[in-house]
1. Subtract the Cα-Cα distance of Asp160 and Ala50 from 0.36 nm times their separation in residues, and report this length gain in nm to one decimal.
2. Pop out the ³J(HN,Hα) list for the stretch 174-187 in order, Karplus 6.51 cos²θ - 1.76 cosθ + 1.60 with θ = phi - 60°, rounded to Hz; leave Gly and Pro as x.
3. Return the long-range amide H neighbours of Gly166 (sequence gap of 5 or more, or a different chain), with a cut-off of under 5 Å between placed amide H atoms.
4. Between Arg238 and Asp298, how high is the FRET efficiency from 1/(1 + (r/R0)^6) when r is the Cβ-Cβ distance and R₀ = 30 Å? Nearest 0.05.
5. What percent does the relative contact order of the chain come to when contacts are Cα pairs within less than 8 Å and at least six residues apart?
6. Across 10 Å bins from 0, what is the distribution of all Cα-Cα pair distances for the stretch 73-179, in whole percents?
7. I need the phi-derived Karplus couplings for the stretch 31-48: 6.51 cos²θ - 1.76 cosθ + 1.60, θ = phi - 60°, integer Hz, Gly and Pro marked x.
8. Using the Cα atoms of the stretch 229-334 to build a convex hull, what is its mean projected area in square nanometres?
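Derivation of every value follows stated rules applied to the coordinates shown; laboratory data play no part. Source: prediction; values computed, not measured. In this analysis, Cβ positions are derived from the backbone assuming ideal geometry, glycine residues included, and neighbour counts consider all displayed protein chains.
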Amino acid sequence: MNQTTYIQQLPKVELHLHIEGSLEPEMMFALARRNKISLPFTSTEEVKSAYEFNDLQSFLDIYYQGANVLTHEIDFYDLTWAYLLRCQQDNVLHTEIFFDPQTHTERGIAFDTVINGIHKALEDGREKLGITSCIIMCFLRHLDEESAFLTLEQALPHKDKIIGVGLDSSELGHPPEKFARVFTKAHQEGFLAVAHAGEEGPVSNIYDSLELLKVHRIDHGVRCADDSSLVAQLAQSRMPLTVCPLSNTKLKVFAQMRDHNLVELLRQGLCVTINSDDPAYFGGYMTDNFLAIAQSHDVTNEELAQFTRNAIEASFISEEEKTQLMEKLNVFTG
Ligand code: ADE
Ligand code: ZN
């Protein structure tokens, strides 16, 4: 089997996917029409040509605008279902997805509308596609602490559907300490925790996410390479990094894919995983991200399988479910 076929067939686990970032231009137009919302674009081609980003902020501006078409529970259902069908194509067996409640509640969409639509699709995905999943709710770091506390409050009646909290949006200027008290409350309420850190922000954001937010995983974290003692600490503790190769090159965290450091970090013993982040905006889902790395790095099939092993290890499922996924992976690797 050649490496492309190996990658297509490799069982995968996704741990870093913003459901709003799976909104394809075609669905954006369909929902705009259905909900009578006007878009600043006249065609899907025009939308796609606007997806040229200089940095994280230039992406976020267009990404939040796109999310405006999501209005009713069925919209969130359809969005999530379309993503699950892509998971099926890419052999993703388990996925832990992010949503950004404030992107919707800030424009008057009820928290319940959002979570119920996403959750129903994930339930159907489990039943009809055999894909297991968890939901992580992210706080937008460009908004204030009070808004994050309010969002946490809104999530409490949905504890059965939400496994953890995360932190995303503009990293520069919004350090983890801004949300330390919210994360403390989230931990008290029984939520697990993750945070975007060291994507385009400094290593101090990784240290502070670990110490102040007590996260179980770091989202991105690729800037850890700036600090060798941090790399050693991450390797020793097996702290997972949910890395997103196509995102990192699209947002110019790395100039070219061959400059990406995730294979090197893997070889240094870090629990590195491959993920798609916002696939509709960055040019690819899980298989595309694996292929992009394999095409630009001299990586073995065993190393590619190790990314899935790491993702299983880093996932928020039970030990029993982890064992089941490992068994499926072992059947594939032989
Ligand atoms: N929200 C969606 N994608 C993101 C990313 N890559 N970084 C920070 N916030 C995000
Ligand atoms: Zn992300």
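1. Details: separation 110, 0.36 × 110 = 39.60 nm, distance 3.83 nm.
Length gained, Asp160 through Ala50: 35.8 nm.
2. Once θ is set to phi - 60°, the couplings for the stretch 174-187 become 10, x, x, 4, 4, 10, 4, 6, 5, 5, 4, 5, 4, 4 Hz.
3. Amide H neighbours of Gly166: Met137, Cys138, Phe139, Val194.
4. Numbers: r = 25 Å, r/R0 = 0.82.
Result of the calculation: an efficiency of 0.75.
5. Working: 554 pairs, mean separation 67.5, N = 334.
Answer for the chain is 20 percent.
6. P(r) over the stretch 73-179, rounded to whole percents: 14, 44, 30, 11, 0.
7. Taking θ as phi minus 60°, the curve returns 6, 4, 5, 4, 9, 6, 10, 8, 10, x, 10, 9, 8, 5, 4, 5, 4, 4 Hz for the stretch 31-48.
8. On the way: hull surface 28.6 nm².
With every direction weighted equally, the projected area is 7.2 nm².
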